[in-house]
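Before any comments, here is the structure.
What follows is calculated from the coordinates using simple rules that are stated; it is not laboratory data. Just so you know, these numbers come straight off a predicted model, no measurement behind them. Glycine also receives a Cβ, built like all others from the backbone with ideal geometry; neighbour counts cover every protein chain displayed.
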Amino acid sequence: MNGLGASAFDASGSTAWKDLTLELASAGEPVKVTVTVDNVKDSAMDSIVFVDHVVPSSLSIPQARLFDIDNSTLRYLSAANHPYFNAATRVHATFKLTGPAATKLADLELHVLQGGVLKARGPLATALAPTLYRNFGTSGIELASARLAFEIPANELATVDATRDGPLSLKLVAKADDGSSAEKNLGQVPLLTRWTGADRYGGRDEHRGGDDWLMVMGREVCNSVSASWGDFSNMNAGSFAPDHRSHSSGLDADGWYSGYNAIDAAAAVKMIALLNSPGVAANVEYVLVSHTPRSGNAFYDAYKDVTLIDGRKAKNVIRNYAGHDTHFHWSMYRPVAQRTFPPI
């Protein structure tokens with residue numbers, strides 16, 4: 001209860017009703033459900049939880065998986081306002097739903113929650129509605145191969161708190177025309193926020209949902225320095241193939257600054273200054289620059305004996321990599337809190 005905030009309670013101290021669907025492992029088996037509520041802040045008032053209207057549902061979702069727009073497993077979700085794909089974050093999926101043969105599937109949505117609070121509803125893709133909003137029949141309703149299934153409105157995703165990195169929970173919610181409903185929790189993915197600064201160069205990969213997406217920590221790191229930025233990650237950190245295969249986690253950034261293309265001593269001094277900016281060095285794992293890392297190369301000679309403010313040797317951070325003579329690449333460390341989310 002403490003995490004709900006005061007706005008979740010009415011004048012009498014009650015919350016709104018919460019609907020919850022529990023999936024059973026097998027029909028006919030005994031089920032025990034324990035419902036608890038904790039009052040941990042004070043002893044002035046007791047807390048009570050009411051359970052009401054427990055009914056079996058004729059509708060179920062035995063199978064569901066979510067995928068990115070390139071049909072790889074969904075690992076991140078772009079959760080901010082944006083103009084791409086008619087201002088919607090796209091999610092591909094496979095699923096199967098079952099219900100009474102004469103009952104019709106009336107609605108299917110992908111819900112996005114943060115901290116248990118519903119933030120956005122992604123309706124079934126328009127192209128699928130005519131074929132899936134039908135009677136279940138004897139074999140149910142199935143989307144067997146991954147394809148565009150849900151389009152989550154960007155203006156609803158704008159309500160996601162993007163002040164810090166964290167997980168978003170995804171849930172499939174189905175309703176039938178007999179009034180029954182079913183839900184299936186589909187796990188958590190890290191949120192990606194959108195870079196909206198004007199300091200960009202190059203095109204924006206609109207057909208891949210824009211290359212604006214990065215973790216909140218990545219956004220803050222890049223915001224800490226004066227540079228122009230090119231590619232971050234595509235929508236949901238999806239594929240850049242055949243180029244930029246490393247931009248797949250919201251923690252990669254291509255950048256440029258005046259004088260960089262010379263790849264000389266002055267360019268190296270500028271890079272060291274950027275890496276020593278507050279909040280940057282400890283979060284940037286490595287830098288890619290096209291140069292010759294041996295004595296006699298002006299760029300290398302300018303950083304080879306430098307120790308960054310976080311104690312690392314610059315020569316262990318700045319690396320030679322082909323194709324980075326007109327821009328550099330920063331790869332940032334993954335936030336610890338983002339390392340344990342199960343794949344969807």
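Structure values in brief
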read-out: Reachable aspartates and glutamates from LYS313, criterion Cα separation under 14 angstrom, eight or more residues apart if same chain; value: GLU285, ASP301, ASP305
read-out: Gyration tensor verdict on the chain (Cα atoms; rounded if a/c is under 1.5, prolate if a/b is larger than b/c, oblate otherwise); value: prolate
read-out: Amide H partners (placed H, <5 Å) of ASN297, local residues excluded; value: none
read-out: Residues of type lysines that LYS315 reaches as a straight line, Cα spacing below 17 Å, ignoring anything fewer than 8 places off in the same chain; value: LYS270, LYS304
read-out: Fully extended contour minus Cα-Cα distance, from SER181 to ASP70, at 0.36 nm per residue; value: 37.0 nm
read-out: Per-pair calculated FRET efficiency, R0 = 25 Å: ARG147 and ARG245 via Cβ, rounded to 0.05; value: 0.60
read-out: Backbone HN-Hα couplings from phi across the stretch 222-231 [Karplus 6.51/-1.76/1.60, Hz, Gly and Pro as x]; value: 5, 5, 7, 10, 9, 7, 9, 10, x, 7
read-out: Computed helical MRE - 222 nm, the chain, DSSP H runs ≥ 4 contributing -39500 (n - 2.57), nearest 500; value: -2500 deg cm²/dmol
read-out: Residue order, fewest to most beta carbons within 10 Å, for TRP17, TRP213; value: TRP17, TRP213
read-out: Fully extended contour minus Cα-Cα distance, from ASN276 to ALA44, at 0.36 nm per residue; value: 78.4 nm
read-out: Residue order, fewest to most surrounding Cβ atoms within 10 angstrom, among SER277, SER14, SER233; value: SER14, SER277, SER233
read-out: Partners for LYS104 among lysines (Cα-Cα distance below 19 Å; same-chain residues under 8 apart left out); value: LYS96, LYS175, LYS184
